[in-house]
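Note sheet for the following structure.
Where a number appears in this text, it was derived from the coordinates with a stated rule and is not lab data. Being a predicted model, the structure only gives us computed values, none of them experimental.
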Ligand code: TXA
Ligand code: MG
């Protein structure tokens, strides 16, 4: 009988046991500050291939490798530009993934056959403790996409991971509970293979922050041909139809800043106070629409230029969803 281990009690012993399990080729879902990741030993092709089957993800979509500090960077990447080092120093640990020319450890089963690799040091005590424990027993990095089925909404709580993946995991796999993710949307992905940074996916590390850190103007992302599954048009989508820029009618779900009132008969799913809280609760609110069996959810998008850019990016893809 299938039994999922669910580690709420994150002592150093339980984290160490999870690291050993990763080393044995099992999958471990763990919290990060952005969303929950579905982790595997990034040097073990059999373990990594299970990520693809559990997620139902096309095999040519590359995975992000998570490391515990900037020290591990040179095992995974080469020819790192000065501005890439700057970004790593300024924003790691943090919600930022750097795409760099791949080094010797980054094999085709991680990069989707591309010559680049995505790397990230997450800013979450449990994730950092897990990576440190894994590296202390010889691990080099943890490959981890968001812990959802392909195309679905990323999980920001461990119970959302259970809902998404428990049917597909094995009895030897683990889910580590670390509470709700603080950021709530996936990391900013920055291509660092050109003469200046290029944002492939917006997140909590914004264009202004990148330009201030590097002293360079970001390359315009339009027309980029790098394969990023999160940039497919119908991603991050719940079962409910997501509508933007519309007035909700009775019976529809509604997500908007707290300053915006709920029209009569509409089912309010979330009332965030500001854009940061909007990002943090967005995926839980979209999941709530499905739990309540709503056919449609109307979202009034935040208009700012900080994390609101990432919120609008994900919402426009969710609105394209089904
Ligand atoms: O916040 C995050 O980034 C979360 C947490 C778990 O770290 N991870 C995450 O992974 O969102 P995933 O696989 O769901 O989304 C990562 C995106 C994918 O769309 C993938 O195609 C892209 O990053 N990616 C990974 N490596 C890449 C590379 N070498 N070049 C271009 N895109 C890459
Ligand atoms: Mg994802």
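Some points to look at:
- Highest-MSF residue in the chain out of 260, 300, 15 [GNM, Cα springs under 10 Å]: 260
- Viscosity 1.002 mPa s, 20 °C: Kirkwood-radius Stokes-Einstein D of segment 17-107 over Cα pairs, µm²/s: 149 µm²/s
- Choice from 259, 243, 213 with maximal GNM fluctuation in the chain (Cα, 10 Å cutoff): 259
- Sequence-separation-based contact order of segment 162-205, relative, with Cα cut under 8 Å and 6+ spacing, percent: 29 percent
- The GNM of the chain, with springs linking C-alpha atoms under 10 angstrom apart, assigns the highest mean-square fluctuation among 17, 289, 160 to 17.
- Two-decimal ratio, segment 23-74, of alpha-carbon radius of gyration to 2.2 N^0.38 Å: 1.17
- If the chain linking residue 305 and residue 221 were pulled fully straight, counting 0.36 nm for each residue of separation and taking away their Cα-Cα distance, it would gain 28.6 nm.
- Per residue, the average separation of C-alpha pairs within less than 8 Å and at least 6 apart gives the chain a relative contact order of 20 percent.
- DSSP beta bridge pairing in the chain, given as percent antiparallel to the nearest 5: 45 percent
- Relative contact order [Cα under 8 Å, 6+ residues apart], segment 75-138, whole percent: 34 percent
- Rounded if a/c under 1.5, otherwise prolate or oblate - segment 85-162, Cα gyration tensor axes: rounded
- Per-selection Kirkwood Rh - segment 62-201 (Cα, Å, 1 d.p.): 15.8 Å
- Based on the Stokes-Einstein relation at 4 °C and a viscosity of 1.567 mPa s, and on the Kirkwood radius from alpha carbon pairs, segment 250-310 is assigned a translational diffusion coefficient of 111 µm²/s.
- Overall form of the chain per C-alpha gyration tensor (a/c, 1.5; a/b vs b/c): oblate
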